[in-house]
Amino acid sequence: MKCPLLSVIIPCYNNGKYLLKMIDCFRHQTSDDWELIVVDDGSTDDTPQVVENTFCDLPNAYFYRRDRLPKGSVVCRNIGFEHAKGKYVCHLDADDLVSNNFVERRVAFMENNLAIDYASFPAIPFRDEQHLPTKFDRHISFGIDKGYNDVLESFLREDYCFSVWNNIYRRDSILDMNWDENVKIYTDFSFIVPGILKGLKHAFYQSKEYDYYYRVGHSSNVMTSSFVSEDKHKSSIYLFSKTLDSLTNRDDFGIRKEQYLQFVTSHFARLLFYGNISYLEQYVDMLSAYYDKLVISKFRNCYKALRHSKTRLKIIHIYASLYINFKYPIYRTYLIHSLIKAIIRK
């Protein structure tokens, strides 16, 4: 039996309604040289039945259920990869959509560029699948080359220039790159950055036509729950520590550590607004193994606002301390939203 050129892997959990729309995209592909692998993460609704019924007339589509722990999208992606037979691999999200030439375009680019290990393709957000954006907009496009001279720096600063679903990977290039199943948060980062550090050769597909549409402004993506929970807190400490450890082996560790401080501070801000002192102390204790005493003291100065501020002023004090200690930028929208909500509630 001939192996397909492209394996498409999609984890899902309780979002059969949206997944059906993604599956329908593959019914209309201009190329049939693909296989679709859907892995369910233990859905509690009718998603498994819906998918299995839909796959009845799709001979190149396969449905699997996560058969081991831990729960999570990364485990589902690993299970999917174990079953993949394609020369190339794409990891997509269940609630998004792709263009009709998605397979043809991505595979052709890889076939014509044998020196690269993976490539990124243009994507754009959408809210209504009946009115997908068609006009190219450089400002909101994702996965395009906006002059990134250093892709690693971009990710370390939490300025993602692409996500996993922007990419197509040469399967042989990532055979030893399983998704880290200890990671519950920043999962795309946890897969992309090791690939960069490994030296995988990357290219942007230069085009003003989108082949991927990612859904925004809804709560359908239930593969993730609360941003800060006990298991995600433990996972974030694990991931940040692992990333810093991997950077210590580089000659430019000092530079990379400073670049990563922006991401480190961004996550710290999220913990501040969550307000758990124990989580904050554990996170800063972890960072103390990598950053000097001056930086660590700035972090500790910030969460003193939680102990001494009245509820009405806490958000303002937190933001002020972040800005004073780290010049934390005002464009961080979740900070602005938190501030507005705090004022409105009062």
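Restrict the check to segment 275-293 and report whether at least one residue is in a helix (DSSP H, G or I), hydroxyl-bearing (Ser, Thr, Tyr), at pLDDT 80 or above and surrounded by fewer than 17 Cβ atoms within 10 Å (Cβ to Cβ).
Taking segment 275-293 as the starting set, the residues that turn out to be in a helix (DSSP H, G or I) are 277-287, 293.
Those still in the list that are hydroxyl-bearing (Ser, Thr, Tyr) too: 278-279, 283.
Pick out the ones that are also at pLDDT 80 or above and you get 278-279, 283.
Narrowing the set further to residues that are surrounded by fewer than 17 Cβ atoms within 10 Å (Cβ to Cβ) leaves 278.
Yes, segment 275-293 has at least one match.
Considering only segment 60-78, how many residues are open to solvent by less than 30 Å² (accessible area, probe 1.4 Å) and of a type outside the set (A, V, I, L, M)? Explain how you work it out, then say what you get.
Pass one, segment 60-78, residues open to solvent by less than 30 Å² (accessible area, probe 1.4 Å): 61, 72-78.
Still in the running and of a type outside the set (A, V, I, L, M): 72-73, 76-78.
The number of residues fulfilling the criteria is 5.
Would you say Lys257 is at pLDDT 90 or above and within 30 Å of Gly199 (Cα to Cα)? Step through it out loud before you land on a result.
Details: at pLDDT 90 or above: yes; within 30 Å of Gly199 (Cα to Cα): yes.
In short, yes.
Every residue in segment 8-42 that is open to solvent by 50 Å² or more (accessible area, probe 1.4 Å) and closer than 18 Å to Ala84 by Cα, please. If you could, list the steps in order and put the result at the bottom.
Taking segment 8-42 first, the residues open to solvent by 50 Å² or more (accessible area, probe 1.4 Å) are 17, 20-21, 24, 27-28, 30, 32.
Scanning segment 8-42 gives a single hit, Asp32.
What about Asn167, is it polar (S, T, N, Q), within 25 Å of Arg256 (Cα to Cα) and in contact with a Ser or Thr (Cβ under 6 Å, 6 or more places away or on another chain)? Before the answer, list the steps.
On the way: polar (S, T, N, Q): yes; within 25 Å of Arg256 (Cα to Cα): yes; in contact with a Ser or Thr (Cβ under 6 Å, 6 or more places away or on another chain): yes.
The answer is yes for Asn167.
Find all pairs meeting these conditions: Cβ atoms under 6 angstrom apart; at least six residues apart or on different chains; first residue within segment 142-159 and in contact (Cβ under 8 Å) with a residue 60 or more places away in the chain; second residue of a type outside the set (Phe, Trp, Tyr) and in a loop (DSSP other than H, G, I, E, B).
Gly143/Pro122; Ile144/Pro122
What tally of residues in segment 143-185 results from selecting those that are open to solvent by less than 40 Å² (accessible area, probe 1.4 Å) and either among the polar types (S, T, N, Q) or closer than 18 Å to Tyr212 by Cβ (or both)?
Our first condition is that a residue be open to solvent by less than 40 Å² (accessible area, probe 1.4 Å); within segment 143-185, this holds for 143-144, 151-152, 154-156, 158, 161-170, 173-174, 177, 179-180, 183, 185.
Add one more test, that the residue is either among the polar types (S, T, N, Q) or closer than 18 Å to Tyr212 by Cβ (or both), and what stays is 143-144, 154, 161-169, 173.
So the count comes out to 13.
Which condition breaks for Asp159 when tested against (1) farther than 21 Å from Gln29 by Cα; (2) at pLDDT 95 or above; (3) not hydrophobic (A, V, I, L, M, F, W, C)?
If we test Asp159 against (1) farther than 21 Å from Gln29 by Cα; (2) at pLDDT 95 or above; (3) not hydrophobic (A, V, I, L, M, F, W, C), just (2) comes out false.
For segment 99-123, which positions are open to solvent by 10 Å² or more (accessible area, probe 1.4 Å) and over 25 Å from Leu197 (Cα atoms)?
Those that are open to solvent by 10 Å² or more (accessible area, probe 1.4 Å) and over 25 Å from Leu197 (Cα atoms): Ser99, Asn100, Asn101, Glu104, Arg105, Ala108.
Checking Phe81 against (1) at pLDDT 95 or above; (2) open to solvent by 40 Å² or more (accessible area, probe 1.4 Å); (3) not hydroxyl-bearing (Ser, Thr, Tyr), only one condition comes out false. Which one?
With respect to (1) at pLDDT 95 or above; (2) open to solvent by 40 Å² or more (accessible area, probe 1.4 Å); (3) not hydroxyl-bearing (Ser, Thr, Tyr), Phe81 is out only on (2).
Mind checking which residues of segment 43-59 are surrounded by 14 or more Cβ atoms within 10 Å (Cβ to Cβ) and assigned to a loop (DSSP other than H, G, I, E, B)?
Correct list: Ser43, Leu58.
The values are calculated or read from the model by the stated rules, or taken from the named source; none is laboratory data. Please read these numbers as outputs of a predicted model, since none were measured by experiment. Cβ atoms come from the backbone with ideal geometry, glycine included; neighbour counts cover every protein chain shown. Heavy atoms of the whole protein, side chains included, go into the accessibility calculation; ligands, DNA and RNA do not. Shrake-Rupley method; radii C 1.70, N 1.55, O 1.52, S 1.80 Å.
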